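Right, one structure below, let's go through it.
The values are calculated or read from the model by the stated rules, or taken from the named source; none is laboratory data. What you are looking at is a predicted structure, and each value in this text was computed from that prediction instead of being measured. All Cβ positions, even for glycine, are placed from backbone atoms using ideal geometry, and neighbour counts span all protein chains on display. To get the accessible areas, we keep the full protein, side chains included, count just its heavy atoms, and leave off ligands, DNA and RNA. Shrake-Rupley method; radii C 1.70, N 1.55, O 1.52, S 1.80 Å.
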Amino acid sequence: MLKIEYQLAEFTLMHDKFIIDWNKAMVTGETSALERMAEGYYVTFFYGSNEKPMLFGREEAISGMRESVKQLIGAQKKFKNRVIRLKDSENAAVFYELLIVKDEKVIARLFTIETWQLTYGKWLLVREVEEPICS
């Protein structure tokens, strides 16, 4: 196996665990396993086609994540059509459609792009982009 193929396999395993951790958080409300953000992390939320996006830094994003998980206890996050690409040996991008499902009803659909960076041997999120997908 080539080095890049090995790195992609290792990253994919880590991201698979990240998805499992999300689903555990949606049951328990505990988000500490999800707090894998680099110091300069930020997330951009696009809400509507004519509205400016909202930008949140690391601390705001963690606080918001904790709140939303508490409000959505019992819901499931489904990561559909995931595509993972390594930009190089220390940077990866993940694209997917995120469905939030509660009581068998889709309550949100988001197009998501995550950018990860290998820092001191650990993969950390450096930024995310979230945009709603209309049904």
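So, in the stretch 30-135, how many Lys pairs have Cα atoms under 13 Å apart, if the pair is 8 or more places apart or on different chains?
On the way: K77/K102; K77/K105; K78/K102; K78/K105.
For the stretch 30-135, qualifying lysine pairs total 4.
The residue among Y47, F111, T31 whose Cα reaches farthest toward the positive pole of the charge dipole of the chain, with charges on the beta-carbon of Lys, Arg, Asp and Glu, is F111. Accessible area of L72 (1.4 Å probe, protein heavy atoms only, ligands and nucleic acids ignored): about 40 Å².
Centroid-to-centroid, using Cα positions, the stretch 109-134 and the stretch 45-75 are 13 Å apart. A simple rule links phi to the HN-Hα coupling: the Karplus curve 6.51 cos²θ - 1.76 cosθ + 1.60 with θ = phi - 60°, which for the stretch 95-110 gives 10, 6, 9, 9, 10, 10, 10, 9, 6, 6, 10, 6, 9, 7, 10, 10 Hz, with x for Gly and Pro.
Note on K78: accessible area approximately 70 square angstrom, rounded to 10, probe 1.4 Å, nucleic acids and ligands left out. Computed on the stretch 72-135, with alpha-carbon pairs under 8 angstrom and 6+ residues apart, the relative contact order is 26 percent.
Sorted by accessible area (1.4 Å probe), largest first, how do M54, M14 line up? All intermediate terms of the calculation are to be shown ahead of the outcome.
Values: M54 85, M14 35 Å².
Solvent-accessible surface, decreasing: M54, M14.
In the chain, the longest principal axis of the Cα atoms and the axis of helix 58-71 are about 50 degrees apart. The residue list F95, I73, Y120 was ranked by how far each Cα lies along the charge dipole of the stretch 45-135 toward its positive end, using unit charges on Cβ atoms, and I73 comes out on top. Taking all protein chains as they are arranged and a probe of 1.4 Å, the heavy atoms of V101 leave approximately 20 Å² accessible to solvent. For the stretch 45-80, the set of GluC sites (Glu not before Pro) satisfying both a DSSP loop assignment and a count of at most 16 other C-beta atoms within 10 Å is given as E51. From largest to smallest, the equivalent ellipsoid semi-axes obtained for the chain from the alpha-carbon gyration tensor read 24, 17, 16 Å.
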